[in-house]
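S.K.: Below: one structure in C-alpha cells.
The values are calculated or read from the model by the stated rules, or taken from the named source; none is laboratory data. Please read these numbers as outputs of a predicted model, since none were measured by experiment. Every residue, glycine among them, receives a Cβ derived from its backbone with ideal geometry; neighbour counts consider all protein chains shown. To get the accessible areas, we keep the full protein, side chains included, count just its heavy atoms, and leave off ligands, DNA and RNA. Shrake-Rupley method; radii C 1.70, N 1.55, O 1.52, S 1.80 Å.
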Amino acid sequence: MIGLLNAYHFDTTPGSYQEKYEPMFLDYLKKILPNEKIKCFQVAQNEFPKNISECDSWILTGSPASCYEDKEWIHKLSQFIRDCHTKKIKMLGICFGHQLVAHSLGGEVVNSKKGWGFGVRDFEVSKSSHWMTPTLEKECSLLFYHQDQVTKLPPGATHLAGDDFCEIQMYNIDEHVFSIQGHPEFTREYSKLRIDNQIKNIPESTYESAITSLKNETDEIIVGKWISNFLKK
C-alpha cells in the first residue's frame, strides 16, 4: 500500500481550490499505478499515519506552504521523513515534498530571487537512476508552480536533473528517496487555475508566457513510469 501524505489541503473552507488537488493526484496515480492501493492522510490538517510502517511507501505532495515555515504539522512531517530515511522506507517527494525532504535531511531550501516558475518548463536529465526507464531522447518537460527551490542537496543525495532557472530539479538518495520539483500530477486546467491566482503578483509578460506554455507537450506519462518503477522495485 502507498500512503499519500497530502500537504496541500490545509484550508478547510468549502470550495477552496485546495480541495481539487487530492482527487487530481489520485486520478494520476490510478493511471500510473492502476493496481496499487492508496491510503490518504491530510497531514496539513494534522492527520498523520500511526507509524512509518503503516504503508509500504510514501508520497509527499505539493503544498501552498513553504517547508521552512514554523508550523506544527510541517515539523511533524519533517520528523516523519527523517524516521523513514533512517529505516530506508521509500519516499517520493513532489514540489513541496521534494523541498521538505531536502530541508529535513540537511539540505537547503530558499525563496528564490529568480521568481516564480510557472507553466510548462523544460529541464535536462543529467544522470539517470536505474528506475528511470524509458529514457528520454530530449529534455524533460513538466508543469511547474513554485518559487522556493532546493539550493543544496542533503548528504548522500545524487543530482539527477536541473536547468538554469532551478539547478536541482530531481535527486535521489540510494534506493529509497526519489524527489521531483515539477508537478507530473497537475492537469493543465489546474495549472491555469493556480497561475491565474498569481496574476496580481507577477508581471504581465510572465503571466502570458506561462499561459502560452500550457500548449506545450509534457512528459508526465514517462515520469509516471519512473515513479511506478521506483515505488515497485
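S.K.: Considering segment 1-43 alone, what residues qualify as being over 22 Å from residue 225 (Cβ atoms), aliphatic (A, V, I, L, M) and in a loop (DSSP other than H, G, I, E, B)?
M.R.: Once the filter is applied, which keeps residues that are over 22 Å from residue 225 (Cβ atoms), aliphatic (A, V, I, L, M) and in a loop (DSSP other than H, G, I, E, B), segment 1-43 yields only 7.
S.K.: Within segment 180-200, restricting attention to residues that are open to solvent by 80 Å² or more (accessible area, probe 1.4 Å) and free of Cβ contacts under 8 Å to residues at least 12 places away in the same chain, which residue is nearest to the chain's Cα centre (by Cα)?
M.R.: Only one residue tops the list, namely 189.
S.K.: Going by what's in this entry, would residue 177 be described as buried (at least 21 other Cβ atoms within 10 Å of the Cβ), within 18 Å of residue 27 (Cα to Cα) and within 15 Å of the chain's Cα centre (by Cα)?
M.R.: So residue 177 fails the test.
Results for (1) under 30 Å from residue 217 (Cα atoms); (2) modelled with pLDDT under 95, shown as yes or no for each residue.
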| site | (1), (2) |
| --- | --- |
| 56 | no, no |
| 60 | yes, no |
| 69 | no, no |
| 78 | no, no |
| 85 | no, no |
| 110 | yes, no |
| 117 | yes, yes |
| 132 | yes, no |
| 156 | no, no |
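S.K.: Being of a type outside the set (Ser, Thr, Tyr) and in contact (Cβ under 8 Å) with a residue 60 or more places away in the chain is the filter here, so list the residues in segment 1-26 that pass it.
M.R.: 2, 5, 7, 10, 20, 24, 25
Yes or no, residue by residue, for (1) on the phi > 0 side of the Ramachandran plot; (2) surrounded by fewer than 22 Cβ atoms within 10 Å (Cβ to Cβ):
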site	(1), (2)
34	no, yes
46	yes, yes
53	no, yes
76	no, yes
98	no, no
111	no, yes
130	no, yes
141	no, yes
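S.K.: Select from segment 156-171 the residues that are open to solvent by 10 Å² or more (accessible area, probe 1.4 Å) and under 13 Å from the mean Cα position of the chain (by Cα) and list them in ascending order.
M.R.: 168
S.K.: Please return the ranges of strands (runs of 3 or more DSSP E) entirely within segment 63-164 where 3 or more residues are within 27 Å of residue 212 (Cα to Cα).
M.R.: Where strands (runs of 3 or more DSSP E) fall fully within segment 63-164 and carry at least 3 residues being within 27 Å of residue 212 (Cα to Cα), they are 117-125, 140-146, 148-152.
S.K.: In segment 185-219, what count of residues is obtained for those that are outside any loop (DSSP other than H, G, I, E, B), out of contact with any Phe, Trp or Tyr (no Cβ under 7 Å at 6 or more places or on another chain), of a type outside the set (Ser, Thr, Tyr) and within 15 Å of residue 145 (Cα to Cα)?
M.R.: The number of residues fulfilling the criteria is 6.
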